[in-house]
Amino acid sequence: MSAVIEIKNLKKSFDGFSLNNISFTLEKGYIMGFIGPNGAGKSTTIKLIMNLIKKDDGEIKIFGLDNIRYEKEVKNRIGFVYDENYFYEELTVTEMKNVISPFYKKWSDNVFNKYIREFSLPKDKKIKELSKGMKMKFAIAVALSHDAELFIMDEPTSGLDPIIRSELLDILSYLIQDENKSVFFSTHITSDLDKIADYITFINKGSIVFSCPKDDILENYGLVKGPKELINSDVRKHFIGIKEKQFGFEALTDNRQQVRRILGDGAIIDKPSLDDIMLYYARGSQNV
Amino acid sequence: MFNLIFKDILIQRKSLLFGVIYVFVLILCFQDTGITMFLTSAIGFSYMMIQSACAYDDKNKSDILLNSLPISRNTIVVSKYVSAFVFSGISIVVYSLLTVIINLLKLPIKVSPITLEGVIGILFAIVLMCGIYFPVYFKIGYIKSKVYNFILIFGILFLTTTLLPAILGDKSKVIIQILTKFFSSQSDLIIAIKMLILIILFFSISCMISLNIYRKREF
């Protein structure tokens, strides 16, 4: 296996926010979901990968190459989709394609036209006349038309209706059948990832909380529910966050076996959703 | 690179038509002014197109798109500088087409002919304006640079029409005499070459400053 994205001790400070020493790796052929609350550092990380902003320290390697030293080569092999439309709104779909395509070494008009037909995109319409979903589909068509090996998507599903979102997810899972292709997908709509992600990287307040296979998370984490009397300092240290109600409590643990042993049958331990995990981490010991 | 310039033109197809009308109106306004008619309309039109290309880039936040494509930041900067010449070329072509049409239709409008010194004058003015404007644009973008642009244009006007004569007073005549003497003692070709070298030097320095600024920009 070879790493497609390799980030080591990446640092970036802004006024009032900093990315602290983040590290993670995405192997070739997988989909990684990059989750975290708004303002956690998802877009900052993606901008650093794309060299839109400058890192303070650390290392970013894409396909094993430094992302700045080999910037052009790396970007030739990346397909990107962002949360907003950054295309020239005054141009038509075809015109915009004509401006972009010569920059890519492996651009294929055939592939592009195939997706345009598949997505029923009007070729001669100006981009500003397209709906949000259409604009997103255009961005996806561009990202898919130059034989990219890595797809970087920054909140591609935000603001899209469930039908288009599900279409996008279908495309991604279809893409990944080619084992040379990988996807790095940031989102706060975690239900999208339940369906397609192999790995989950969770970022909170500028730090990576975990980066591991999705199945591991669902296996180790547990949503514990039970009466208040069960809580003691012994079990409390296994809780990431706890919500105490008048009689009962609900808490998240990253060690469900241990908690099961301590609490016995007195408590119910459910599988948490990614949303639950995000929520408990973000709120910590405060009332969730 | 030519792709980026092509994009700058494509994006303002509509203003191109408006530009033709603009040049025509200027021709009407500058009757009996000789070469000033040619200079004003071509410089005005070029600068307008250059500015609005920057405006469209800014409005569409295109820095994010362009810098995500496999394009180096140097290419983005250099193509803006080259586009200044392309737009000057377009404006000269538009002007000449209009003069041809006016002459063919025998309209009762005087047109100043296109001369080599006129073309050099246009290039000189565009290089001067863009050479000062582009580094600011690459630093702070179009919207914020608007204020600066305003100061630039009126500053130049104020400096040349009010401030300098006021400071220099009668001395300005002496300076003009020295300049005329300096220029008249040399052949036109030498002067043209010297001007050209000066223009190239100035534009290259400005381009280097812009490159430096843009390489460090964050989006």
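The values are calculated or read from the model by the stated rules, or taken from the named source; none is laboratory data. Treat the numbers as computed from the prediction; the structure is a model and nothing was measured. Glycine also receives a Cβ, built like all others from the backbone with ideal geometry; neighbour counts cover every protein chain displayed. We work out accessible area using only protein heavy atoms, side chains counted, and drop any ligands, DNA or RNA first. Shrake-Rupley method; radii C 1.70, N 1.55, O 1.52, S 1.80 Å.
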Rounded to the nearest 10, the angle in degrees between the Cα long axis of helix B:171-184 and the longest principal axis of the Cα atoms of chain B comes to 90
Cut-off 15 Å between beta-carbons: net charge of the residues surrounding residue A:173, Lys and Arg +1, Asp and Glu -1
-3
With Cα coordinates, the longest principal axis of chain A makes an angle with the long axis of helix A:109-118, in degrees rounded to 10, of 60
Rounded to whole Å and ordered largest first, report the semi-axes of the equivalent ellipsoid of the protein assembly as shown derived from its Cα gyration tensor (root of 5λ).
60, 25, 20
Working out 0.36 nm times the residue gap between residue A:195 and residue A:170, then minus their Cα-Cα distance, what length gain in nm do you get to one decimal?
8.0 nm
Suppose only helical runs count, i.e. DSSP H with n ≥ 4. What mean residue ellipticity at 222 nm does that imply for chain A under -39500 (n - 2.57) per run, divided by all residues and rounded to the nearest 500 deg cm²/dmol?
-9000 deg cm²/dmol
Ignoring ligands, DNA and RNA, what percent of the accessible area of chain A is carbon or sulfur (1.4 Å)?
45
In nm, the gap between the two label points placed 7 Å beyond Cα toward Cβ at residue A:177 and residue A:59 is 3.7
Interface residues in segment A:82-112 - accessible area drops by 30 Å² or more relative to the isolated chain, probe 1.4 Å:
A:86, A:88, A:90, A:91, A:95, A:99, A:103
Quick tally, 1.4 Å probe accessible area for B:52, A:120, sorted with the most first, runs A:120, B:52
Cβ-derived FRET efficiency at R0 22 Å, residue B:215 paired with residue A:17, nearest 0.05:
0.40
Give, in nm to one decimal, the length gained when the segment between residue B:128 and residue B:74 is fully stretched (0.36 nm per residue of separation minus the Cα-Cα distance).
17.4 nm
Counting Lys and Arg as +1 and Asp and Glu as -1, what is the net charge of the other residues whose Cβ lies under 10 Å from the Cβ of residue B:217?
+3
Can you compute the FRET efficiency between residue B:106 and residue B:181 using 1/(1 + (r/R0)^6), with r the Cβ-Cβ distance and R0 = 56 Å? Round to the nearest 0.05.
0.80
When chain B is treated as a Gaussian network with springs between alpha carbons less than 10 Å apart, the largest mean-square fluctuation among B:188, B:58, B:32 is found at B:188
Residue-normalised value, i.e. accessible area per residue, for segment B:77-135 at 1.4 Å probe, in Å², stands at 45
Give the accessible area for residue A:186 in Å² (nearest 10); use a 1.4 Å probe, count only protein heavy atoms, and leave out ligands, DNA and RNA.
0
Percentage relative contact order, chain A, counting C-alpha pairs under 8 Å, at least six apart:
21
For segment B:2-216, take the alpha-carbon Rg, divide it by the Kirkwood Rh, and send me Rg/Rh.
1.00
Paramagnetic label zone (point 7 Å from Cα along Cα-to-C-beta, residue B:151; backbone N under 11 Å) in segment B:44-77
none
With a probe of 1.4 Å, find how much accessible area segment A:221-283 has per residue, and write the answer as a whole number in Å².
53
Give, in nm to one decimal, the length gained when the segment between residue A:110 and residue A:237 is fully stretched (0.36 nm per residue of separation minus the Cα-Cα distance).
39.9 nm
What percent does the relative contact order of chain B come to when contacts are Cα pairs within less than 8 Å and at least six residues apart?
28
Check: C-alpha center segment B:113-138 vs C-alpha center segment A:199-231, spacing in Å is 62
Mind grabbing the interface size between A and B? I mean buried accessible area, both sides, 1.4 Å probe, in Å² to the nearest hundred.
2700
Rounded to the nearest percent, how much of the accessible area of chain B (1.4 Å probe, protein heavy atoms only) is carbon and sulfur?
77
Between residue A:8 and residue B:36, the two model label points (7 Å from Cα along the beta-carbon direction) sit apart by a distance in nm of 6.8
Using only the Cα atoms of chain A, what do you get for the radius of gyration and for Dmax, in Å?
21.3, 68
Assuming R0 = 30 Å, what is the FRET efficiency of residue A:72 and residue A:124, from their Cβ-Cβ distance, to the nearest 0.05?
0.45
Other protein chain Cβ atoms within 10 Å, averaged over every residue that makes up B:69-77
4
Cβ under 12 Å from residue A:159's Cβ, residue A:159 left aside: what net charge do those residues give with Lys, Arg +1 and Asp, Glu -1?
-1
Once label points are set 7 Å from the Cα along Cα→Cβ at both residue B:82 and residue B:143, what is their separation, rounded to one decimal in nm?
3.0
Add -39500 (n - 2.57) for each DSSP H run of 4 or more in chain B, then divide by its residues: what number comes out at 222 nm, to the nearest 500 deg cm²/dmol?
-28500 deg cm²/dmol
Quick check: the distance between the Cα centres of segment A:156-186 and segment A:123-151, to the nearest angstrom?
13
